[in-house]
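The values are calculated or read from the model by the stated rules, or taken from the named source; none is laboratory data. Because the structure is a prediction, the values reported are computed rather than measured. Here Cβ is always computed from backbone atoms with ideal geometry, including for glycine, and neighbour counts include all displayed protein chains. Please note that ligands, DNA and RNA were not included when accessible areas were found on the heavy atoms of the full protein model with its side chains. Shrake-Rupley method; radii C 1.70, N 1.55, O 1.52, S 1.80 Å.
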2 protein chains.
Amino acid sequence: MSAVADAHDLTVRGDLSTGAVESTPEERVLEALQECVLRWGVQKTTVEDIARSAGMSRATVYRLFPGGKSSMVEAGALAMVTDLVDQVALAVAAATDLTGALTALLVVSSTILADDEMLNFLMEHEQSVVEAQLALGGLDRLLAAVGAGAGPALEPHLGDAARAQEAAVWAARTVASHLLDPADGVSLADPTAAHHLVTTYFLPGFAPGD
Amino acid sequence: MSAVADAHDLTVRGDLSTGAVESTPEERVLEALQECVLRWGVQKTTVEDIARSAGMSRATVYRLFPGGKSSMVEAGALAMVTDLVDQVALAVAAATDLTGALTALLVVSSTILADDEMLNFLMEHEQSVVEAQLALGGLDRLLAAVGAGAGPALEPHLGDAARAQEAAVWAARTVASHLLDPADGVSLADPTAAHHLVTTYFLPGFAPGD
DNA sequence: AATGAGACAAATCGGGTCGTATTGTTCCAT
DNA sequence: ATGGAACAATACGACCCGATTTGTCTCATT
């Protein structure tokens, strides 16, 4: 019923590292959306703009995304989150100890967000669009996604799956808080700052028993 | 120049615990503002409404608050924050150990916010007003105020003043995050949940050395 | 079978106007 | 020091209007 339920399969076909050699029509639409948004912003981008940019007719775009522009934006956001979670999970899994894992979680997610062209554009020119995505439990879903995606990678160092997920959500909440309110000169993308934060607030509570 | 700089002295004269026996004209205006807002919301409340409710003329209200309605709202918010910080500092100071102090900080602040009639009303009916106060570095100032107000009360258990303030700001950020996004069924107003959070994430990092 | 082109009503949006309510200031009487 | 009144300037809401956009549909094309 909700637009979220209509989310399409955004699985990439082809090798990401070598650029999109093969991509689904849905992906082409999302790429077109990104192009248009970076040029004119979300509000000024029309479905016709997207269709033209994607090299297909408006009718086809509507066939691919029956929900219209809003569903495309939602799908785009979902794709970004999915990518983010995947990369974070990868970085966390590569860590050898709990400190490194948590630090990686903070640094990688913060770095990705700080370097994301689309997100930076929206935060600067159309912050309301970002807020709209986060409202109505959007942040909850985001945090839950991070917990579900990065939690398991944290489990080897914590044993308990529930504790791992809790820690991941907690870290994600921290990143989100600092992202939406950069405030104090602390940047979690800085490995030193992140490490300090982890060793000060996170780590000790987990190490051995409760 | 800014409306903040025009903030008036809101010191209460008389005993708070026995109700306002004696109050300044400014306070009467702020009380009137609260009455009107709870009835009609911020947007629909006019200066004339406030003056009538305060039992004085519109001219007098403008003499007291040259900045108009916006400065009254700002002064009201400031008063609320001041009260909050004072009560939190009091509760923190009453704690005998670090665990109790941090837990009190979370529980008392969360409880006050959760029980605040005005804040609940605004969050439900005029969330944009709250957001407007938090934007433009408003949250930063709020966090700094908590750090400055409650930090010293934390110092006896931490020794270092800078560390105490850092911890207070961190806790405040946690409360703010959970307030703006209640999400996961965790309520920091619940002493058990707060205690769990403190012992898990906060405490261990501070106890002895670095 | 999938796509493009076009048509279509409905909804949305930006701009413009207008009358009213509110604002912020001022003067004067008490 | 306060209230009452007046005042211009402004903000606001309601309304209308034309243009754009949306979402759905049909039909021809490949």
Are there any pairs with C-beta distances below 9 angstrom linking a residue in segment A:44-55 that is among the charged types (D, E, K, R) to a residue that is within 9 Å of DNA strand C (Cβ to nearest atom) and in a helix (DSSP H, G or I), with the two at least 6 apart or on different chains, and if so which? A:GLU48/A:ARG58; A:GLU48/A:VAL61; A:ARG52/A:ARG58
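A quick yes/no check of all residues on (1) within 14 Å of chain B (Cβ to nearest Cβ); (2) surrounded by fewer than 16 Cβ atoms within 10 Å (Cβ to Cβ):
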position	(1), (2)
A:GLU117	no, yes
A:MET123	yes, no
A:GLN133	yes, no
A:LEU136	yes, yes
A:PRO156	no, yes
A:ALA172	yes, no
Is one or more of the residues making up segment B:72-82 closer than 30 Å to B:ALA104 by Cα, hydroxyl-bearing (Ser, Thr, Tyr) and away from DNA strand D (no atom under 11 Å from the Cβ)? yes
Can you tell me which residue within segment B:47-71, out of those that are within 15 Å of DNA strand D (Cβ to nearest atom) and under 15 Å from B:VAL129 (Cα atoms), is farthest from the other protein chains (Cβ to nearest Cβ)? B:LYS69
Answer residue from segment B:46-72, given it is β-branched (Val, Ile, Thr) and open to solvent by 30 Å² or more (accessible area, probe 1.4 Å) and is farthest from DNA strand C (Cβ to nearest atom) among those: B:THR60
What are the residues in segment A:96-110 that are farther than 13 Å from A:ASP83 by Cα and touching a residue at least 12 places away in the same chain (Cβ under 8 Å), if any? A:ASP97, A:LEU98, A:THR99, A:ALA101, A:LEU102, A:THR103, A:ALA104, A:LEU105, A:LEU106, A:VAL107, A:SER110
Anything in segment B:180-193 that is within 14 Å of another protein chain (Cβ to nearest Cβ) and in contact with a helix residue (DSSP H, G or I) (Cβ under 6 Å, 6 or more places away or on another chain)? List them, or say none. B:ASP181, B:ALA183, B:VAL186, B:LEU188
Those residues of segment B:21-42 that are assigned to a helix (DSSP H, G or I) and either of a type in the set (A, V, I, L, M, F, W, C) or near DNA strand C (Cβ under 10 Å from one of its atoms) (or both) come to a total of 9
With respect to the numbered conditions (1) within 13 Å of the chain's Cα centre (by Cα); (2) surrounded by fewer than 20 Cβ atoms within 10 Å (Cβ to Cβ); (3) of a type in the set (Gly, Ala, Ser), which one is the sole condition not fulfilled by A:GLY41? (1)
I'm trying to understand the selection: among the residues of segment A:73-107, which are outside any helix (DSSP H, G or I) and open to solvent by 40 Å² or more (accessible area, probe 1.4 Å)? A:THR96, A:ASP97
